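Report on one structure; see the data block that follows.
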């Protein structure tokens, strides 16, 4: 009986790993009990996202909690969709979008513009306007 209890304890101990991840404010958050966010279909088609706009907004907001700006680039601390209880296609679509935005920022022809919450957009630098790098 004693070896059985040891195995049960080890199983429970090892399966309850630390599932918390820090948000951009340094708070530890667990998404274990959160709703799994998934959108079926090709996210490159606007109709797919529009058809699941509520899920899209929640997924984007969940990832934005882990987004910060460092050296005029977008950075995030989430490495895997399982960390935030999200479907693989949604997670990778948003991360790839941010990577494309960073590529634009690295050219020096674009800058970040704060929108709200923790949302930023990348806009072209118009001649006569100061670059983010110059500020």
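Which pairs do you get when a residue that is in contact (Cβ under 8 Å) with a residue 60 or more places away in the chain, found in the stretch 71-100, comes within reach of a residue that is surrounded by 13 or more Cβ atoms within 10 Å (Cβ to Cβ) and assigned to a strand (DSSP E or B), reach meaning Cβ atoms under 9 angstrom, with the pair 6+ apart or on two chains?
Cβ pairs passing all conditions: 72/111; 72/112; 83/21; 84/21; 84/29; 84/37.
In the stretch 97-132, how many residues are crowded, with 16+ Cβ neighbours inside 10 Å, assigned to a loop (DSSP other than H, G, I, E, B) and either at pLDDT 95 or above or touching a helix residue (DSSP H, G or I) at 6+ places or on another chain (Cβ under 7 Å) (or both)?
So the count comes out to 1.
Select, from 41, 61, the only residue that is modelled with pLDDT under 95, within 12 Å of the chain's Cα centre (by Cα) and either assigned to a helix (DSSP H, G or I) or loosely packed, with under 13 Cβ neighbours inside 10 Å (or both).
Every option except 61 fails the conditions.
Pick from 33, 47: which is exposed (fewer than 15 other Cβ atoms within 10 Å of the Cβ) and either touching a helix residue (DSSP H, G or I) at 6+ places or on another chain (Cβ under 8 Å) or part of a loop (DSSP other than H, G, I, E, B) (or both)?
Answer to the check: 33.
Given the structure, is residue 6 over 22 Å from residue 116 (Cβ atoms), in contact with a helix residue (DSSP H, G or I) (Cβ under 7 Å, 6 or more places away or on another chain) and at pLDDT below 90?
no
Determine the pairs where a residue that is farther than 18 Å from residue 65 by Cβ, located within the stretch 111-124, has a partner that is in a loop (DSSP other than H, G, I, E, B) and modelled with pLDDT under 90 with Cβ atoms under 9 Å apart, the partner being 6 or more residues away or on another chain.
Cβ pairs passing all conditions: 111/129; 111/130; 111/131.
Go through the stretch 71-85 and give me each residue that's touching a helix residue (DSSP H, G or I) at 6+ places or on another chain (Cβ under 7 Å), part of a loop (DSSP other than H, G, I, E, B) and under 16 Å from residue 59 (Cβ atoms).
78
The values are calculated or read from the model by the stated rules, or taken from the named source; none is laboratory data. As the structure is a prediction and not an experimental result, all values here were calculated from the model. Neighbour counts run over all protein chains shown; Cβ positions are idealised from the backbone, glycine included.
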